[in-house]
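See below for the structure under consideration.
The values are calculated or read from the model by the stated rules, or taken from the named source; none is laboratory data. As the structure is a computational prediction, the values presented were derived from the model and not from experiment. Backbone-built Cβ (ideal geometry, glycine too); neighbour counts: all protein chains shown.
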Amino acid sequence: MNKDLVKYVALILSILASISLFFMESLGAFIPKMMQYFTGIKDITKDDLYVVNLGYFGSFLAGTLGLIFGFFSLLFLIFTFLNQSRKNEISEIENRIFKLIELLSEIKNQNQLSENSKKFLDENKSISNLDFLKKELKNNHLQFSNFFRMLYQILKYINEHESIIHNKYCKKKLDKNVKSYTNIIRSYLDTNLLTCLAINCYCLPEENGEYDNYKNLLERYELLEHLPNILPMQFSSYLYYDQKAFGDSTWFKNFNPIRYKLVEISHENNTKDFCEVFLKFLSKNNGKWKNEKVLLEVCINQTTGFLDLSISGIDNEEIPEELKFRMKKYNSTQNLTLSNYPFNASCDEFQPTIYKDGNKLKLSYLKPNSSHSIGYEVHIALLMLSTDQLEMEFNNTSKSYCILPF
């Protein structure tokens, strides 16, 4: 509800209530009685009463019209005052916001945060564990701290003055005028710095909710709308934050239909690693997925905790009837790694890998030639299309390595 409108209505009702006290029905009968008292006339004829009332009616009409004109003049003055007061208030808020944004930009440039954020991501591009990344960012990259603190203060200031900006007493949905300010702030965040911001606002268990308010502000103002889905850590952020933080993002649109399932798996298994969440999603419903003649099966070894993936029915004489992959967690980063060679052929220069490639899970391995002396790198790409549909691709590459048979 508009705040100014409430003020105007309340003011008008108060003035009308005051005026009504002077024009009660009994006032018309009271005037002739008063005239009788002062003139000593005990009996007034109808004609006299008509003339007297007509005179008083003229005085009443003149006074009423003057009062009405005065009333509307007062309203106009009040409206002008309130309108000017609101403009001054908005202007003051805008000036403060833009000064803070200017200071934020200076901090960014002085600390070379675009370059430092890129360096941080390059050093940790394969890591998805937000706990590890947050500790690394917090302890070894202090140049980000001033920038993130200033950004929090700006968002907090906007949040505290939302009711003045949108001029409403109660508005739960984000107002477009408020959003325009946060959009300007977001324009100062390149994708690398935005990724670091998402990591910074992740709350470690030992921080006891210290960053929860910051996280809520990111979600309310949809600051992660332009966060890409390229690195594993970016997908981890997608699982951690509420979906509204990403606004109308197209980066994660393929996951939105199954987001609730992915978040559920992430919480159940205390992991945000793309590969692990992906495979544990595939292990649901007996873990069997069929694509034409190819059957993919995923199961969890309850004893060792390993994830086993097998692919059978491949129409290729050079590939065995069944490819078997075993995945385990790498202790420090909690990322999944492939721990076996499906073709029983090893190479010091090549390690089979499981990794995130956009929205796809990819497995790379070596396929030996007929003499078992050279191995060609092959990629298997898996893409979830829905809760019951999976797409599989097999891609041969021209990369070759000298291999040693087991």
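Structure notes:
- Among (1) touching a Phe, Trp or Tyr at 6+ places or on another chain (Cβ under 7 Å); (2) surrounded by 18 or more Cβ atoms within 10 Å (Cβ to Cβ); (3) in a loop (DSSP other than H, G, I, E, B); (4) of a type outside the set (D, E, K, R) - the single one Ile265 does not satisfy: (3)
- The number of residues in region 192-217 that are surrounded by 18 or more Cβ atoms within 10 Å (Cβ to Cβ) and either out of contact with any helix residue (DSSP H, G or I) (no Cβ under 7 Å at 6 or more places or on another chain) or in contact (Cβ under 8 Å) with a residue 60 or more places away in the chain (or both) comes to 12.
- Among the residues of region 275-319, those identified as hydroxyl-bearing (Ser, Thr, Tyr) and out of contact with any Leu (no Cβ under 7 Å at 6 or more places or on another chain) are Ser283, Thr303, Thr304.
- Filter result for Glu276 (crowded, with 20+ Cβ neighbours inside 10 Å, modelled with pLDDT under 90 and not in a loop (DSSP other than H, G, I, E, B)): yes
- Some residue of region 155-167 being among the hydroxyl-bearing types (Ser, Thr, Tyr), modelled with pLDDT of 90 or more, surrounded by fewer than 20 Cβ atoms within 10 Å (Cβ to Cβ) and in contact with a helix residue (DSSP H, G or I) (Cβ under 9 Å, 6 or more places away or on another chain): yes
- Some residue of region 370-389 being of a type outside the set (A, V, I, L, M, F, W, C), out of contact with any Ser or Thr (no Cβ under 6 Å at 6 or more places or on another chain) and crowded, with 18+ Cβ neighbours inside 10 Å: yes
- Failed criterion for Ile93 (all others in (1) on the phi > 0 side of the Ramachandran plot; (2) touching a His at 6+ places or on another chain (Cβ under 8 Å) hold): (1)
- Qualifying residues in region 371-391 (those that are of a type in the set (Val, Ile, Thr) and either free of Cβ contacts under 8 Å to residues at least 24 places away in the same chain or assigned to a loop (DSSP other than H, G, I, E, B) (or both)) - the one nearest to Phe255 (Cα to Cα): Thr387
- When Thr250 is tested against (1) surrounded by fewer than 16 Cβ atoms within 10 Å (Cβ to Cβ); (2) part of a helix (DSSP H, G or I), just one condition goes unmet, and that condition is (2).
- Of the residues making up region 226-247, those that are under 28 Å from Asp122 (Cβ atoms), assigned to a loop (DSSP other than H, G, I, E, B) and without any contact (Cβ under 8 Å) to a residue 60 or more places away in the chain are His226, Leu227, Pro228, Tyr241, Gly247.
- For region 116-149, filtering for residues that are closer than 20 Å to Asn95 by Cα and surrounded by fewer than 18 Cβ atoms within 10 Å (Cβ to Cβ) leaves 1.
- Among the candidates Leu174, Leu223, residue that is in a loop (DSSP other than H, G, I, E, B), out of contact with any His (no Cβ under 7 Å at 6 or more places or on another chain) and either surrounded by fewer than 19 Cβ atoms within 10 Å (Cβ to Cβ) or of a type in the set (Asp, Glu) (or both): Leu174
- Of the residues in region 236-246, none is in contact with a Leu (Cβ under 6 Å, 6 or more places away or on another chain), of a type in the set (Ser, Thr, Tyr), within 18 Å of Phe144 (Cα to Cα) and surrounded by 18 or more Cβ atoms within 10 Å (Cβ to Cβ).
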